[in-house]
1. Only helices (runs of 4 or more DSSP H) wholly contained in segment 4-100 count here; list those with 3 or more residues that are open to solvent by less than 10 Å² (accessible area, probe 1.4 Å) and of a type outside the set (D, E, K, R).
2. State whether one or more residues within segment 44-60 are modelled with pLDDT under 95 and over 20 Å from Asp200 (Cα atoms).
3. For segment 151-159, indicate whether the set of residues that are in a loop (DSSP other than H, G, I, E, B), open to solvent by less than 20 Å² (accessible area, probe 1.4 Å) and of a type in the set (A, V, I, L, M) is non-empty.
4. Mind listing just one residue for me: the one in segment 173-199 that is more than 14 Å from the chain's Cα centre (by Cα) and open to solvent by less than 30 Å² (accessible area, probe 1.4 Å) and, of those, nearest to Ser16 (Cα to Cα)?
5. Examine segment 200-220 for a residue that is at pLDDT below 90 and at negative phi, and state whether such a residue exists.
6. Just to be sure, is Ile188 part of a helix (DSSP H, G or I) and closer than 18 Å to Phe27 by Cα?
7. Scan segment 216-253 for residues that are under 24 Å from Arg144 (Cα atoms) and open to solvent by less than 10 Å² (accessible area, probe 1.4 Å) and jot them down.
8. Please verify whether Gln170 is touching a Lys or Arg at 6+ places or on another chain (Cβ under 8 Å), open to solvent by 70 Å² or more (accessible area, probe 1.4 Å) and in a loop (DSSP other than H, G, I, E, B), treating the condition exactly as stated.
Amino acid sequence: MQRAREMSGTAAYRVSHLDALEAESIFVMREVVAELERPVLLFSGGKDSIVMLRLAQKAFAPARIPFPVMHVDTGHNFAEVLDYRDQRVAELGLQLVVASVPEALEAGLVRESADGMRNRIQTPVLLAAVEKYRFDALFGGARRDEEKARAKERVFSFRDDFGQWDPKNQRPELWSLYNGRHHPGESIRVFPLSNWTELDIWHYIARERLALPSIYYAHERLVVERDGMLYAVNEFIRPRGAEEPFKAQVRYRTVGDASCTAAVRSDADTVELVIEEVAATRITERGATRGDDRVSEAAMEDRKREGYF
């Protein structure tokens, strides 16, 4: 009888998989605020940054989130995502820093590539904003399950004074001990969601009842099929050659630029149906829908070496 009571007491202290992930991420955020002086959270209005913002709320409640949020705006965003970004920032009373690629193009800081994709030229714009505002820690929503280059990276990812990442020279993180030491001009990229999966993200969204931009759920959209992917027809994507636009029931698994992010066929119009769909898939959201990752086998790693988050 005594043993049964002890076992019952032990069971009462067990935490779920999501609780453990949440606690780890909150610990990471608190460590950053304790160790570094000027952190910022990269917030695009995508599902991962939405979850990060929720974790930041919990980490520092009942106080406000003690750092600003920053969006590297390429000018190729989905309107639904920008609307959500502005609404969420206003609700939480946050300071929003916008690092603008269109402004950088106008100023001559960067040049647009021939293919029209702006992911590559986000990097110098991001680094210029880091230097301008003297940010020494940047929270990013990258997860190790997304892409093989991200699977190599630590939770605290050191960047030199040129913003560059050396995958062969990373600091150990034994026993969840994080080293935030850096010299002036250097910075740390911090990934609180490193150990989460896409499915974990959706389970957390369901548990926390988080609102998302509408394009994450199934809807009808005019698309063209290109390189085996469905791209929405918009001001950035126009039919080429023999491509014929058609209407399809789709949703977005990730929300990068409208010029390089494809949709997937789907009837999942609720969180529960999205969870069922994600549980059955065997390809990551970036692998399934991001044209910019198909430039080369090492496209993501090349960008990260240059300073991309």
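1. Working: elements: 17-35, 47-60, 79-92.
Of the helices (runs of 4 or more DSSP H) lying wholly inside segment 4-100, those with at least 3 residues that are open to solvent by less than 10 Å² (accessible area, probe 1.4 Å) and of a type outside the set (D, E, K, R) span 17-35, 47-60.
2. Checked against the condition, which is being modelled with pLDDT under 95 and over 20 Å from Asp200 (Cα atoms), segment 44-60 yields no hits at all.
3. yes
4. Restricting to residues being more than 14 Å from the chain's Cα centre (by Cα) and open to solvent by less than 30 Å² (accessible area, probe 1.4 Å), the top hit is Tyr178.
5. No, segment 200-220 contains no residue that is at pLDDT below 90 and at negative phi.
6. Numbers: part of a helix (DSSP H, G or I): no; closer than 18 Å to Phe27 by Cα: yes.
So Ile188 does not fit the description; no.
7. If the condition is that a residue be under 24 Å from Arg144 (Cα atoms) and open to solvent by less than 10 Å² (accessible area, probe 1.4 Å), then Tyr216, Met229, Arg251, Tyr252 are the ones that fit.
8. Values: touching a Lys or Arg at 6+ places or on another chain (Cβ under 8 Å): yes; open to solvent by 70 Å² or more (accessible area, probe 1.4 Å): no; in a loop (DSSP other than H, G, I, E, B): yes.
No.
The values are calculated or read from the model by the stated rules, or taken from the named source; none is laboratory data. This one's a predicted model, so the numbers in the text were calculated from it and none came from an experiment. Counting neighbours? That spans all protein chains shown, and the Cβs are built from the backbone with ideal geometry, glycine included. Surface accessibility is based on the protein's heavy atoms, side chains included, excluding ligands, DNA and RNA. Shrake-Rupley method; radii C 1.70, N 1.55, O 1.52, S 1.80 Å.
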